[in-house]
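The values are calculated or read from the model by the stated rules, or taken from the named source; none is laboratory data. No experiment lies behind these values; they were computed from the predicted model shown. Every residue, glycine among them, receives a Cβ derived from its backbone with ideal geometry; neighbour counts consider all protein chains shown.
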Amino acid sequence: MRRTPLYKAHLANGARLVNFGGWELPIHYGSQIDEHHQVRHAAGMFDVSHMTVVDIHGPRSREFLAYLLANDVAKLQRPGKALYSCMLTEQGTVIDDLIAYFLDEEWFRLVVNATTRDKDLAWMERQGAEFGVSIRENSGLAMIAVQGPQARDRVASLLLASDATAVAELKPFTAQHFGELFIARTGYTGEDGFEVSLPAGQAEDFWQNLLATGVKPCGLGARDTLRLEAGMNLYGQDMDEDVTPLESGLGWTVAMKDDRDFIGREALESQQVNGPGRHLIGLVLEGRGILRSHQRVLTDRGEGETTSGGFAPTLQKAIALARLPVGAEAACQVEIRGKLLPARMVKVPFVRNGAACEGIL
């Protein structure tokens, strides 16, 4: 398995390591539940150095990304502005989801999922050939996500006074270079915070400095429960090459108001004519039980299935994302170990700012 530059730091902090897509990464450091609450109420940090950073260079970089992505990079006009998007097949299904950063007119940065690295790079190279762009994986970087209501103050405390003020004032979905640190106000937990990219050789020192400020290390387990409470899709579970963004609660990431040609547009326009027959929605189990992926869901409009599920520490309830027939009544049943248990459909997110959203409990 591959190891990140923070491997020794994980061992020193008592991490339990697991295989995640060929990477040896911490699932937790003792208590997944404690780590979850640490992020909701203070600040936690995650090693996300396994994520793939791809730099796009060339005079036609913007034109290339306008064609490659379902969301429109024309929205990115100020250096450092970021955009969440899906990258689609010609059939409109999801190859991957990613964040695109505009650095200058000849330099964009994409951050894509680790488990889809090979196919993503191959697809980009294939589509980018006619645009003459350079597509280069930036493998010399590590990435640390610092998340939680205290995250900004903790990161700012490690910087020079002038930089501390600037980083504290970063708007959501913007990024800026601070020396060799590339700090983006983004994340995958539903909480405020940053994702910090930096040279691999500096990662352990930065990790230890964060630890000294009171930021606690957190593993993949807490990252998953946090993103699930925030209603965020996980590639390979809630979306993949079998479904479109319109079936995955990601219609808001598809920009079709103008005549821009992008990969998958024609297929999505066809699906829009009658509307997708199914959509992604939240489920709350009414009683006791465990929700997992691929459980059968019975509704008054037919069957569907859960795509992600688990126990929500903030809510003290079992929740899930499920792909269900459009128009079904809110009351439904989930098959768990041969029994049909009552559940209720809800809008996501389940949790915002550390508390249950309206109508969840």
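What number goes with the only condition from (1) in contact with a helix residue (DSSP H, G or I) (Cβ under 7 Å, 6 or more places away or on another chain); (2) assigned to a loop (DSSP other than H, G, I, E, B); (3) surrounded by 19 or more Cβ atoms within 10 Å (Cβ to Cβ) that ARG260 does not pass?
Just one mismatch for ARG260, condition (3).
Test GLN295 against the stated conditions and say whether it is under 21 Å from SER31 (Cα atoms) and modelled with pLDDT of 95 or more.
When the stated conditions are applied, GLN295 does not pass them.
Pairs only if they're at least six apart or on different chains, beta carbon under 7 angstrom, first in region 208-229 and modelled with pLDDT of 95 or more, second among the aromatic types (Phe, Trp, Tyr); list them, first residue then second.
Every condition considered, the pairs that remain are PRO217/TYR29; CYS218/PHE46; GLY219/TYR29; LEU220/PHE20; ARG223/PHE46; ARG223/TYR188; ARG227/TYR188; GLU229/PHE350.
Within region 49-82, count every residue that is under 27 Å from GLN202 (Cβ atoms) and touching a helix residue (DSSP H, G or I) at 6+ places or on another chain (Cβ under 8 Å).
5
For PHE194, which of the numbered conditions (1) outside any helix (DSSP H, G or I); (2) closer than 23 Å to ALA9 by Cα; (3) over 16 Å from the mean Cα position of the chain (by Cα) fails to hold?
If we test PHE194 against (1) outside any helix (DSSP H, G or I); (2) closer than 23 Å to ALA9 by Cα; (3) over 16 Å from the mean Cα position of the chain (by Cα), just (3) comes out false.
Does LEU211 meet the test of being within 30 Å of LEU88 (Cα to Cα) and either in a helix (DSSP H, G or I) or among the polar types (S, T, N, Q) (or both)?
It is false that LEU211 is within 30 Å of LEU88 (Cα to Cα) and either in a helix (DSSP H, G or I) or among the polar types (S, T, N, Q) (or both).
Which ones in region 183-207 are of a type in the set (A, V, I, L, M, F, W, C) and free of Cβ contacts under 8 Å to residues at least 60 places away in the same chain? Even if it seems obvious, please write down each step before you answer.
As a first pass, look at region 183-207 and keep what is of a type in the set (A, V, I, L, M, F, W, C): 183-184, 194, 196, 198, 200, 203, 206-207.
Passing the criteria: ILE183, PHE194, VAL196, LEU198.
Considering only region 319-340, state which residues are outside any strand (DSSP E or B) and without any contact (Cβ under 8 Å) to a residue 40 or more places away in the chain.
GLY327, ALA328, GLU329, ALA330, ARG337, GLY338
Considering only region 90-188, give the strands (runs of 3 or more DSSP E) lying wholly within it that have at least 3 residues that are in contact with a Ser or Thr (Cβ under 9 Å, 6 or more places away or on another chain).
Result: 94-104, 107-112, 141-147, 181-184.
Got at least one residue in region 323-335 being within 28 Å of HIS37 (Cβ to Cβ), surrounded by fewer than 19 Cβ atoms within 10 Å (Cβ to Cβ), at pLDDT 95 or above and more than 23 Å from the chain's Cα centre (by Cα)?
No, region 323-335 contains no residue that is within 28 Å of HIS37 (Cβ to Cβ), surrounded by fewer than 19 Cβ atoms within 10 Å (Cβ to Cβ), at pLDDT 95 or above and more than 23 Å from the chain's Cα centre (by Cα).
Does region 289-316 hold any residues that are over 19 Å from the mean Cα position of the chain (by Cα), buried (at least 20 other Cβ atoms within 10 Å of the Cβ) and in a strand (DSSP E or B), and which are they?
Those that are over 19 Å from the mean Cα position of the chain (by Cα), buried (at least 20 other Cβ atoms within 10 Å of the Cβ) and in a strand (DSSP E or B): VAL297, GLY304.
Rundown of residues vs (1) at pLDDT 95 or above; (2) under 23 Å from ALA142 (Cα atoms), yes/no style:
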| residue | (1), (2) |
| --- | --- |
| ALA168 | no, yes |
| PHE173 | yes, yes |
| PHE194 | yes, yes |
| SER248 | yes, no |
| ALA255 | yes, no |
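Please enumerate the residues belonging to region 204-258 that are polar (S, T, N, Q) and either in contact with a strand residue (DSSP E or B) (Cβ under 9 Å, 6 or more places away or on another chain) or assigned by TED's automatic domain parsing to the domain that holds PRO349 (or both).
THR225, ASN233, GLN237, THR244, SER248, THR253
Restricting the search to region 50-86, which residues are surrounded by 24 or more Cβ atoms within 10 Å (Cβ to Cβ), among the small types (Gly, Ala, Ser) and within 21 Å of ARG227 (Cα to Cα)?
SER85
If I go through region 113-147 residue by residue, how many of them are among the aliphatic types (A, V, I, L, M) and closer than 27 Å to MET45 by Cα?
Residues flagged as among the aliphatic types (A, V, I, L, M) and closer than 27 Å to MET45 by Cα within region 113-147 amount to 7.
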